[in-house]
Amino acid sequence: MRTARRVLGRFVAPAATVLLTTLAAAPTASAAPAATAEVCEDICVDGVRAATHTGYDRVVFDLGAGPLPTVEARQSTSPGYDTPGGEPRTLTTTGSSYLFLSLKGAEPGDFTATNPSLEAFNLPTVKATQYIYSTGNILGFTAAMDFGITLDGPVSRYNVFTLTQPNRVVVDIYR
């Protein structure tokens, strides 16, 4: 047993010394660049998700840190909307009705990098959300992000509200 330890020691000790010397002499890796934090003057919109519940579908807009946006919503039977420049456009996904949201005081954060501008959902009422456009803080106007939600089937009403920890805008659409 002692002989085996001595033999093992003769091989392991020099190998360990070579390994430690190599590691000590190896160039150190430069520090990895820090992840860039999103920067928005007001609050950033980071994503959108949706799910169905008994009697309603829920769409959630995930937000970053900052003051919650003011939300303006309007329901329409037409998919048409006007851009800030006055150009008429229509939502890509067709449905029986549409809900247009304007998140005043919100800007695109990681949203445009991580989410498609058109997100399809196979829910009883919510068929898709579409990022329409955003306006910046220009000439005294408040930044805003506008979205369209394509609906299909009967909609009795909708409810829009904000929640914190984490910050988000929630839209419940009742069947």
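The values are calculated or read from the model by the stated rules, or taken from the named source; none is laboratory data. Keep in mind that what you see is a predicted model, and the values were worked out from it rather than measured. Don't worry about glycine lacking a Cβ; one is built from the backbone with ideal geometry, like all the others, and counts go over all protein chains shown. All accessible areas refer to the heavy atoms of the entire protein, side chains included, with ligands and DNA or RNA removed. Shrake-Rupley method; radii C 1.70, N 1.55, O 1.52, S 1.80 Å.
Quick notes
- Residue match in segment 102-111 (condition: open to solvent by 20 Å² or more (accessible area, probe 1.4 Å), charged (D, E, K, R) and farther than 20 Å from G47 by Cβ): no
- Pair list, Cβ < 6 Å and 6+ apart or interchain, from segment 76-88 residues that are touching a residue at least 24 places away in the same chain (Cβ under 8 Å) to residues that are polar (S, T, N, Q) and surrounded by 10 or more Cβ atoms within 10 Å (Cβ to Cβ): P79/T90; P84/T135
- Long-range neighbours under 9 Å by Cβ, at least six apart or interchain, first residue within 18 Å of G66 (Cβ to Cβ) within segment 140-163, second open to solvent by 60 Å² or more (accessible area, probe 1.4 Å) and hydrophobic (A, V, I, L, M, F, W, C): T162/L68; L163/L68
- Residues satisfying the stated conditions in segment 52-81, i.e. more than 15 Å from the chain's Cα centre (by Cα), in a strand (DSSP E or B) and not charged (D, E, K, R): T52, H53, Y56, T70, V71, A73, Q75, S76, G80, Y81
- Of all residues making up segment 129-175, the number that are in a strand (DSSP E or B) and farther than 18 Å from H53 by Cβ: 13
- Qualifying residue in segment 73-93 (condition: within 15 Å of N167 (Cβ to Cβ), at pLDDT below 95 and either surrounded by 12 or more Cβ atoms within 10 Å (Cβ to Cβ) or not basic (K, R) (or both)): no
- Checking each residue in segment 29-64 for being open to solvent by 90 Å² or more (accessible area, probe 1.4 Å) and either modelled with pLDDT of 90 or more or under 19 Å from T125 (Cα atoms) (or both) picks out R49, T54.
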